[in-house]
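A short write-up of the structure that comes next.
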Amino acid sequence: IRPLREGHTLVVPKTEVDRLFDLDEETYSGLFSFTKHVADAIKKAFPCDRVGLAVIGLEVPHAHIHLIPINIMSDMDFTNPKVSLSQNELAACAKKISALLN
């Protein structure tokens, strides 16, 4: 809801576990394979130097991966002010990313 940058995306496995490393091997591998595809789409939709990946997960009791388009290290700083986007703007970001998923 409050991304660090436009294009900041969460990838959440369907299997509900509190900690990422508690996922079974097949789900874990599938999650990271899917995450790569999403990161590729983010990079095309929101031109950036890299797509940063973070697993922090203390704010919700469900494993998830943050993918953030970045140009400098501080773009990944979770203490930065969050971007304020409307529901329509968030939906437009999601549409841009999903249109580029292969």
Q: Could you tell me, in Å, what Rg and Dmax come out for the Cα atoms of the chain?
A: 13.5, 37
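Under the rule that an exposed site lies in a DSSP loop and has at most 11 other Cβ atoms within 10 Å, name the longest stretch of the chain with no trypsin sites (Lys or Arg not before Pro) of that kind, not counting the sites themselves.
Longest gap between qualifying sites, sites excluded: 20-102.
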(Q) Test of understanding: what is the full-extension gain from V12 to L85, defined as 0.36 nm times their sequence separation minus their Cα-Cα distance? (A) 24.2 nm
**Q.** Full-stretch length increase - R2, D22 - with 0.36 nm per residue and alpha-carbon distance subtracted
**A.** 4.5 nm
(Q) Give me the extension gain from V60 to A99: residue separation times 0.36 nm, minus the current Cα-Cα distance, reported in nm with one decimal. (A) 11.3 nm
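Every number here is computed from the coordinates shown, using simple stated rules; none is lab data. As the structure is a prediction and not an experimental result, all values here were calculated from the model. Cβ sites come from the backbone with ideal geometry, for glycine too, and all protein chains shown count toward neighbours.
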